[in-house]
1. Need the failing condition index for THR167 against (1) crowded, with 20+ Cβ neighbours inside 10 Å; (2) more than 12 Å from the chain's Cα centre (by Cα); (3) hydroxyl-bearing (Ser, Thr, Tyr); (4) more than 20 Å from ALA124 (Cβ to Cβ), just the number.
2. Among what's in region 1-36 and is of a type in the set (D, E, K, R) and in contact with a Ser or Thr (Cβ under 6 Å, 6 or more places away or on another chain), pick the residue that is surrounded by the most Cβ atoms within 10 Å (Cβ to Cβ).
3. Kindly establish whether GLY272 is at pLDDT below 95 and either of a type in the set (Gly, Ala, Ser) or crowded, with 18+ Cβ neighbours inside 10 Å (or both).
4. Would you pick out the residues in region 138-154 that are over 19 Å from the mean Cα position of the chain (by Cα) and either surrounded by 15 or more Cβ atoms within 10 Å (Cβ to Cβ) or within 17 Å of GLY49 (Cα to Cα) (or both)?
5. Is region 104-119 home to any residue that is surrounded by 12 or more Cβ atoms within 10 Å (Cβ to Cβ), modelled with pLDDT of 90 or more and either touching a strand residue (DSSP E or B) at 6+ places or on another chain (Cβ under 9 Å) or over 30 Å from ARG5 (Cα atoms) (or both)?
Amino acid sequence: MARGRTTKVLTQRWASGRATRSPDELIVEEPLAIHLDGVLVSTTMRTPGHDFELAAGWCFTEGLLGGATVRSCRYCGTGNAAETGYNVVSVDTGGLAPTPEARLTTTSSSCGLCGTAEIDDLTARLTPLNDPPRYDPAVLAAVVERVRVVQPLFTATGAVHAAAAFTPEGEPLVVREDIGRHNAVDKVVGSLLLDAGARGERSVAPGAGLGLYVSGRASFEMVLKAWAAGFATLVAVSAPSALAVETARRGNLQLAGFVRDGAMNLYAPAPGAPA
């Protein structure tokens, strides 16, 4: 797909008491309809790019795959992809995934759980991580800068979030950007999932043994996605919510918030809890 993820518009800038006209680079936001085995399961607002990863990652973190392997991803699936503006992706498991139920509402770029069930139902399908690695705070502090220097869309527009999978040594493996925080995470998960499939591996926890970085806050749904994908650690540059902390402790994840300028708050495991 050759479409750009940014576009330029003419704007009037006011500064130092005078107005000037100049082009401004903006991020593109378009809807993406996700189909799983022929059933429409979601429509999400996203930044075009890595759409197959987003669709596969979303299906995985939402628990729709049920352990089934993604056999293929393609645009549209019912006709010419260009006719739908490359805004429809079909994920195929050969019918091995459980029969999906469509999400009733559109997911905005700022919302991850619209139209889903109760919180207990969302976490019931997950079990606490078994003896996950704990990262040294110095490693977590270094991840922020390592990811920041490989965010071209943010550098160009200042309007996107980033997510990254990183090693226990703090080395970013996969970095993705999107106008939606949740989309960026799903693109990372989808990348790991599809890479495993390309190697002929069936991955039930594509993030196992890795950490997950998010450029925004650590909300409940961010922790839920990290837990579902098997990430050992979630690092956020902003604050977590109380429910996010509770969920991270419940899932046995390591959760760090306000990670900036070499400092952070470690919220999970609970202080004094066994490592």
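The values are calculated or read from the model by the stated rules, or taken from the named source; none is laboratory data. Predicted model only: the values in this text are computed from it and were never measured. Cβ atoms come from the backbone with ideal geometry, glycine included; neighbour counts cover every protein chain shown.
1. All conditions are met except number (1).
2. It comes out as ARG5.
3. It is true that GLY272 is at pLDDT below 95 and either of a type in the set (Gly, Ala, Ser) or crowded, with 18+ Cβ neighbours inside 10 Å (or both).
4. Passing the criteria: VAL139, ALA141, ALA142.
5. no
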